[in-house]
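Structure first, commentary second.
The values are calculated or read from the model by the stated rules, or taken from the named source; none is laboratory data. A quick note: this is a predicted structure, and the numbers were derived from the prediction, not measured. Ideal geometry is used to build each Cβ from the backbone, glycine not excepted, and the neighbour counts take in all protein chains shown. Side chains are part of the model used for accessible areas, which takes the heavy atoms of the whole protein and leaves out ligands, DNA and RNA. Shrake-Rupley method; radii C 1.70, N 1.55, O 1.52, S 1.80 Å.
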Amino acid sequence: MNLKLGTKLFLILCIICLECICVRGRGLLRTAASGVVGIKVQERSHLQDKGRSSSIFNVKSFGAKADGQTDDSQAFMAAWKEACQSTGRIKLVIPKGTYLLGPVEFRGPCQNASSIYVHMKGYLKASTDLFKYESGGGWIVFQWVDGLTLAGGGTFDGRGAQAWPYNNCRINSNCKLLPTNLKFLATNKTIIRGITSVNSKFFHIALVECHNFKGTKVKISAPEDSPNTDGIHIERSTSVYFSRSQIGTGDDCISIGQGNSQITITSINCGPGHGISVGSLGKYQNEGDVTGLRVKNCTITGTTNGIRIKTWPNSPDASAATNMTFKNIIMNNVSNPIIIDQSYCPSSSCSFKVPSKVKLSDIHFKNIRGTSSSEVAVKLDCSKGIPCQNVLLEDVRLDLSTGEQPTSLCSNVRAKFIGTQIPAPCT
């Protein structure tokens, strides 16, 4: 009887232990399964996020030959079209190689792209067939694009030598404007870095209606006798910053056109060319004002002008250029190192019956030093109709390259002079 009772108790305990083991085992299996599912879900989610975050498009994958002879324009535009329609961070790759291109327009908006990085390592050659280009247009154009970065050390070769003989707008009012090498239209939050532009047919780089634009380590070159090959032209733009760049052309290294505000130009090596200019202003109707310009820490060498402000006589409308500072500028054998010219006329067809209607005020020249190749080192020729106001020259030393004494000329302005003044202040 006792033996039977012991056996029963043993069997009951075994059953209880087995149930505990089974329950615990099912729990562990559920936990393990849940963990595996969780890991798989996490991995899939990570891959999806990664897929959304970055997409790469190589122009060669779209048929670009990069042989310097085949027109790769369609391949570039096809790559851009797909890139612009993508989501997240976009990278357009232009590998090393020589690409022949006609006019190419990278048009936005790219609504789902958080940023677009154009990694340009190639050498782009412009078509020399002028019939392919619109008058006043661009060769390579970025339009309505936000968050663009253009970098990589590549080169834009405009091959302008064959086109320059047709640049006759100064003598032919019905001329066709030649294309700009690299044009930015209505872009926002743009960065260009480490690119080169050579031998443009017209301007090298042009900004029109751009906002929050930063350019650095840009190299620009064209022969000093090449017509209208301005290095950088800025118009109707705000919050623009250019620095640490080398520019040598046949026209203005940098030209600040109408309608600009909060422009900073710093650490630029300029020459040959026509110097750093504000203008020309006052030629057309409804021009916007220029305000908040800072040009500093630049070196200008062998140019036909240094710092120049130029406005047309007989302006159709009134406008203004104000709050402009030029500071810490070195002049090396420069003609007209400091010049305000409100009778600017590069042709023989101007009317001087009405003086310029562009009001110039709050202009400061500080710590300008070096050598002048022209006897007149400082020329302030302001409008008879609207004399310049609040013009300050502080610590200016411009010796004549010949060792003789330089001179200064003033008209329609009462400038204020502080500190060292060579040449002697004009009255």
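Residue-wise HN-Hα couplings along the range 229-235, as the Karplus relation 6.51 cos²θ - 1.76 cosθ + 1.60 with θ = phi - 60° gives them from phi, are 9, 3, x, 9, 10, 10, 8 Hz; Gly and Pro carry x.
Could you please report the charge total around residue 187, scoring K, R as +1 and D, E as -1 over all other residues with beta-carbon less than 12 angstrom from its beta-carbon?
On the way: positive: 107, 183, 189, 214; negative: 146, 209.
Residues near residue 187 contribute +2 overall.
Charged neighbours of residue 260, selected by a Cβ distance under 9 Å, balance to -1 (K, R count +1; D, E count -1). If a paramagnetic tag sat 7 Å from the Cα of residue 209 along the Cα-Cβ line, which residues of the range 114-139 would have the backbone N under 16 Å from that point? From the range 114-139, the list is 137-138.
As a test of the formula, what do you get for the chain when each DSSP H run with n ≥ 4 contributes -39,500 (n - 2.57) and the sum is divided by the residue count, at 222 nm and rounded to the nearest 500 deg cm²/dmol? Don't jump to the answer; show the numbers that get you there.
Numbers: 2 runs with 64 residues, N = 427.
When only DSSP H runs of four or more count, the value is -5500 deg cm²/dmol.
Here log10 I(q)/I(0) by the Debye sum over Cα atoms at q = 0.07 Å⁻¹ was calculated from the structure, and among (1) -0.39; (2) -0.43; (3) -0.32 it sits at label (2). A DSSP coil position with no more than 16 other Cβ atoms inside 10 Å describes the following chymotrypsin sites (Phe, Trp or Tyr not before Pro) in the range 200-296: 284.
Against the chain, whose longest principal axis is taken from its Cα atoms, helix 73-84 shows a tilt of about 60°.
With a cut-off of 16 Å, note down the residues of the range 385-403 whose backbone N falls inside the zone around a label point 7 Å from the Cα of residue 418 toward its beta carbon. Taking a point 7 Å out along Cα→Cβ of residue 418, the residues of the range 385-403 whose backbone N falls under 16 Å are 390-397.
Under the criterion of Cα pairs below 8 Å and six or more residues apart, the relative contact order for the chain equals 7 percent. Computed from point charges on the beta carbon alone (+1 for Lys and Arg, -1 for Asp and Glu), the dipole magnitude for the chain about its Cα centre is near 2000 Debye.
Entry comment: accessible area of the chain is 48 Å² per residue, from protein heavy atoms only and a probe of 1.4 Å. Per-residue 3J(HN,Hα) values for the range 402-411, derived from phi via the Karplus relation 6.51 cos²θ - 1.76 cosθ + 1.60 with θ = phi - 60°, read 7, x, 7, 8, x, 10, 10, 10, 9, 8 Hz in sequence order (x marks Gly and Pro). Positive end of the dipole of the chain, charges at C-beta (+1 Lys, Arg; -1 Asp, Glu), about the Cα centre: which of 315, 297, 59 has its Cα farthest in that direction? Toward the positive end, the furthest listed residue is 59.
Can you pull the percent of the chain's accessible area that's carbon plus sulfur, 1.4 Å probe, other chains left in place?
On the way: 10830 of 20640 Å².
Percent of accessible area from carbon and sulfur atoms in the chain: 52.
Residues of the range 377-402 falling in the label zone of residue 318, defined by backbone nitrogen less than 16 Å from a point 7 Å along Cα to beta-carbon, are 383-389.
With the contact rule set at Cα under 8 Å and sequence spacing of 6 or more, what percent relative contact order holds for the range 218-301? Write out the running numbers ahead of the final one.
Values: 220 pairs, mean separation 24.8, N = 84.
It rounds to 30 percent for the range 218-301.
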